[in-house]
Amino acid sequence: MKKLFIAALLFVGIASFAQDADVDQKPPREQRERLTPEQRNEKQLKKLTSDLSLDTKQQEQVKQLLAERSTKAEKFRDARKEQKESGTKPTAEQKEAFKKEMMAEKDANDAKMKGILTADQYTKWKAIQEENKDKIREKMKERRNDN
């Protein structure tokens with residue numbers, strides 16, 4: 001009887017532990033709600049406003065910058081998708097040119113943000129950028145390990 005009772009407790013403990021693991025999981029990428037570029041920009045603006053304490057003038061400038069950046073990103077995405085559908089792989093020179101173009105775009109974006117934000121806000125923004133970059137790296141490592 002004692003062994004049966006211990007086995008039942010062990011079973012209940014394992015079963016409850018297995019159920020708790022699923023609660024924290026985020027939905028798969030396909031099942032998540034897809035936001036429009038405008039919704040993404042608005043969400044990002046709200047987050048930046050709360051994190052950096054932006055005033056209304058800064059909010060307008062950042063909103064415009066986010067809109068510009070999202071249209072350029074959409075253009076890059078479409079070009080990449082078009083190239084993928086055509087079945088041609090980019091050459092090493094094309095990859096290098098794309099990388100340089102993206103770095104130039106990032107530097108231009110940083111310069112614009114530096115002009116909009118105060119020194120303290122800019123420092124905090126750069127720290128947030130680094131933090132996000134680290135999170136992305138961790139997710140990529142997890143994906144590689146899962147596959």
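For region 86-94, the count of residues that are open to solvent by 70 Å² or more (accessible area, probe 1.4 Å), more than 23 Å from the chain's Cα centre (by Cα), under 18 Å from Trp125 (Cβ atoms) and of a type in the set (Lys, Arg) is zero. The residue list Glu30, Glu60 contains one member that is open to solvent by 100 Å² or more (accessible area, probe 1.4 Å), modelled with pLDDT under 65 and not basic (Lys, Arg), which is Glu30.
Mind listing just one residue for me: the one in region 95-147 that is outside any helix (DSSP H, G or I) and of a type outside the set (A, V, I, L, M) and, of those, surrounded by the fewest Cβ atoms within 10 Å (Cβ to Cβ)? Among them, the one singled out is Asn147. Checked against (1) under 18 Å from Lys43 (Cβ atoms); (2) free of Cβ contacts under 8 Å to residues at least 40 places away in the same chain; (3) hydroxyl-bearing (Ser, Thr, Tyr), Ser53 meets all criteria but (2).
The values are calculated or read from the model by the stated rules, or taken from the named source; none is laboratory data. These figures come from a predicted structure and were not determined experimentally. As a convention, Cβ positions derive from the backbone with ideal geometry for all residues, glycine included, and neighbour counts pool all protein chains shown. Side chains included, ligands, DNA and RNA excluded: accessible areas come from the protein's heavy atoms. Shrake-Rupley method; radii C 1.70, N 1.55, O 1.52, S 1.80 Å.
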